[in-house]
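Notes to accompany the following structure.
Every read-out reported here was derived from the displayed coordinates using simple, explicitly stated rules and does not represent laboratory data. Everything numeric here is computed off the predicted structure, so don't read it as measured data. Cβ atoms come from the backbone with ideal geometry, glycine included; neighbour counts cover every protein chain shown.
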Amino acid sequence: MNQTFSFSRFLLLVKAEFAEKGRIQLLTAGLLLVFLLLLMLPITIVKEYGGFLSGLHSLALFMIVYFGGSLYTDLAFSQYGPRDKGMAALMVPSSRLEKFLTPLVLNLIVIVPLMILFLWLHNWTVDYANAKLLEDWNTTKGNNRIPATDISEKYRKIPLSVIQFFTLFYVVIQGVVFLGSLYFTKSSFVKTVTAFILIVLILIMANRGIVLFLLADTSPSGLSAVPFFSWDVVYMIPRYKSFHVAYSDGTENVVYPLLIVIVLILWYITYVRLKEKEI
């Protein structure tokens, strides 16, 4: 097959794949949207402050955006799983790059807006809920001279540094699942998640070991050190002290783009794996 990329042929391949998997993809995307709204909108309806409502936003991030988005990504190369369907998919008269870009594009047009929608909903709902609490407080108290800072900031937004980290980590996870959906022919999601968790645990243990080695002279009582993120160090003796060690601006400019490079590498490995399947 001619390996020259053809945009018109690429569009035909996108239409063909959407016709084959569009129903299940739309159903999955629709369910993700519904559950995302169900978890994030209650904060705007309840009149009184409830800490569990903020917890629903965290639940939406991990269960809907992370887990649900990964389930959607796992559909990317589902046609290459069964042997009979896999052979038919490989024999489609299109270039290797077209076969690779088709599931990638159909995946990105859902998982990227999913994260953007979460971020927008989080900011809007928190601002709306705080404004509503402040309005109710002013109406009830009838005394605007009382400081209302605690009321107007009752619900806290996720810190920007945490948002940046989890957004980039989300992209990395999607890259891993995208590769796993092609690499594993059976139970791809379970195998990918298992392998990813094992790798992450190894990285966390290695990173923690490095941090403890650097702080060996101080013997911290508690430590939180996640790879590519800040450190939280706690000392209980002789008196309680805690330190938050964040990246400098210069270091962030190196570390965060590194995560993007990792995603590009994962995509390239996926492309090579597709080439191996064709051979």
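Here are the numbers:
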{"quantity": "Inter-site label distance for Phe18 and Leu108 at 7 Å from Cα along Cβ, in nm", "calculated": "1.6 nm"}
{"quantity": "Pairs of lysines in the chain (C-alpha under 21 Å apart; 8 or more residues apart or interchain)", "calculated": "25"}
{"quantity": "Listed residues Asp232, Asp127, Asp74, most fluctuating in the chain (Gaussian network, C-alpha, under 10 Å)", "calculated": "Asp232"}
{"quantity": "Label-point separation, Phe7 to Val190 (7 Å along Cα→Cβ), nm", "calculated": "4.4 nm"}
{"quantity": "Among Thr194, Thr125, Thr73: highest mean-square fluctuation, GNM of the chain, C-alpha pairs under 10 Å", "calculated": "Thr194"}
{"quantity": "Column: log10 I(q)/I(0), Debye, Cα scatterers of the chain, q = 0.17 Å⁻¹", "calculated": "-1.33"}
{"quantity": "Mean Cβ count within 10 Å, highest first, over the residues of peptides 160-171, 23-34, 216-227, 98-109", "calculated": "98-109, 160-171, 23-34, 216-227"}
{"quantity": "Global geometry of the stretch 227-274, whether rounded, prolate or oblate, following the gyration tensor of its Cα atoms and the 1.5 cut on a/c", "calculated": "oblate"}
{"quantity": "Net dipole in debye of the chain [+1 Lys, Arg Cβ; -1 Asp, Glu Cβ; about Cα centre; nearest 20]", "calculated": "520 debye"}
{"quantity": "The chain: relative contact order in percent, alpha carbon pairs under 8 Å with at least 6 residues between", "calculated": "20 percent"}
{"quantity": "Cα-projected label distance for Phe62 with Lys157, points at 7 Å along beta-carbon direction, nm", "calculated": "2.3 nm"}
{"quantity": "Potential extension, Val254-Arg273 segment - 0.36 nm per residue separation minus Cα distance", "calculated": "4.0 nm"}
{"quantity": "Dipole of the chain, positive end: most advanced residue of Tyr235, Ala16, Pro42 [Cβ charges, Cα centre]", "calculated": "Ala16"}
{"quantity": "Rg/Rh (Cα only; Kirkwood hydrodynamic radius) as it applies to the stretch 160-279", "calculated": "1.09"}
